[in-house]
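What follows draws every value from the coordinates through simple rules; no lab data is involved. This is a predicted model, so every value here is computed, not measured. Virtual Cβ from ideal backbone geometry, glycine too; neighbours counted across all protein chains shown.
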Amino acid sequence: MKNYFKLFLCAGLTLTLGTAMAQNYNLELRSTLSFPGQTLANICGYTQDGREYALLGASKGMIIVDITNPDMPQQIVQIPGPDNLWKEIKTYDHYAYVTSEGGQGLQIVDLSNLPNSTLNSHFYTGDGVIQGGMDKIHALHIDVKKGYLYTFGGDLFQGGAKILDLNTDPYNPSYVGKYDQLGYVHDGFAENDTLYAAHIYTGILAVVDMADKSNPKVLGTATTPGHFTHNAWLLDDHKHILTTDEEFASFVTAFDISNPEDIQELDRISTTRDGVNSIGHNTHVRNDWAITSWYTDGVTIVDAHRPDNLVEVA
């Protein structure tokens, strides 16, 4: 049985194409697009009306590319944003949410008019007690089941997580709470009112009960191997999670989180080509296949169906 992935890879920040292309296996490069004078930091997939799109975190604003035909990707539009190296994108319903450390807050783009290039957008900088205070944001994740958006990093609350309610009006979210008990949160994964927070500077993964947004409860923590926890992504069984450390000779690491008070490491894996100098960036999971970007080793796909025996397959 063959498994197919449609991957649109950002080059520049986390990939060195010369290295990645020279050592491909079980992945086929179908096409490329170039964006002169810009860097790319993040990517998000989006589907609407039978078409597939790649939303790219370009330094001068989000770029939308139609990848319905992977051999002939077509740029549709670039939505201007702060000129900044780092951008992160997630979607909810027919909206895209774009973060940046360049200021101006959280950019919200209405995608409903695709494939037309005229799209409405605006910036949210906070409401209520944080009115105007949410300027810089490093990353985000959306608890789609519960309808809450979590932002990470920035200056507000020492870089802790800020939570926005999307249920009433996704285009105009409202602030409902924060999580900052353990300090700066670099990235995280949120699902079903539970936050899995990557505390990069203390090197820990925290599991947090967010049912009461005004009173988060830390259920447990674990130290990741590189002590520089960059991101985390839950596996399909909700009992295991993968993490990355943004350090030399780093790993994708699997943890058993079925008992948050006693989190256990099960296995760890680096790349098969340059284990000494490899720096892991982000891992994302689809159907228990872990897709991970590396600074010099391109992208890898790891079979995580057995989290105690991680195996690189592409």
Seminar exercise, completed: Per the helix-only model, the chain has a calculated mean residue ellipticity at 222 nm (DSSP H runs of ≥4, -39500 (n - 2.57) each, divided over all residues, rounded to the nearest 500) of -500 deg cm²/dmol
Exercise. Ordered by residue, what ³J(HN,Hα) values in Hz, to whole numbers, does region 50-64 give under the Karplus form 6.51 cos²θ - 1.76 cosθ + 1.60, where θ = phi - 60° and Gly and Pro are x?
Worked result: x, 10, 10, 10, 10, 9, 9, x, 7, 4, 9, x, 5, 9, 10
For this session: Enumerate lysine pairs in the chain that are 8 or more residues apart or on different chains, then count those whose Cα atoms are under 13 Å apart.
Result: 8
Problem set entry | Reference-scaled alpha-carbon Rg (2.2 N^0.38 Å with N residues) for region 18-78 | 1.21
Seminar exercise, completed: the chain, Gaussian network, Cα under 10 Å: of Gly159, Gly298, Gly37, the residue fluctuating most is Gly37
Exercise. If you place +1 on the Cβ of every Lys and Arg and -1 on the Cβ of every Asp and Glu, how big does the dipole about the Cα centre of region 38-108 come out, in debye to the nearest 20?
Worked result: 140
Problem set entry | Convex hull volume per residue in cubic angstrom - Cα atoms of region 104-147 | 117
For this session: Bin width 5 Å, alpha-carbon pairs only: give the P(r) of region 27-168 as whole percents, running from 0 to the bin holding the largest distance.
Result: 2, 10, 20, 22, 20, 14, 8, 4, 1, 0
Problem set entry | Exposed chymotrypsin sites (Phe, Trp or Tyr not before Pro) absent - longest run of the chain, DSSP non-H/G/I/E/B, at most 15 other C-beta within 10 Å | 26-170
Exercise. Gain in length, Asp71 to Asp180, computed as 0.36 nm per residue apart minus the alpha-carbon separation, to one decimal in nm?
Worked result: 34.8 nm
For this session: Compute the whole-percent fraction of alpha carbon pairs in the chain spaced more than 23 Å apart.
Result: 56
Problem set entry | Low-density loop cleavage sites - trypsin sites (Lys or Arg not before Pro) in region 199-308, where at most 13 other Cβ are within 10 Å (DSSP) | Lys239
Exercise. Which of the trypsin sites (Lys or Arg not before Pro) found in region 15-123 are in a DSSP loop and have at most 14 neighbouring Cβ atoms, other than their own, within 10 Å?
Worked result: Arg30
For this session: Compute the semi-axes of the equivalent ellipsoid of region 198-282, taking the square root of 5 times each eigenvalue of the Cα gyration tensor, and list them largest first in whole Å.
Result: 25, 14, 10
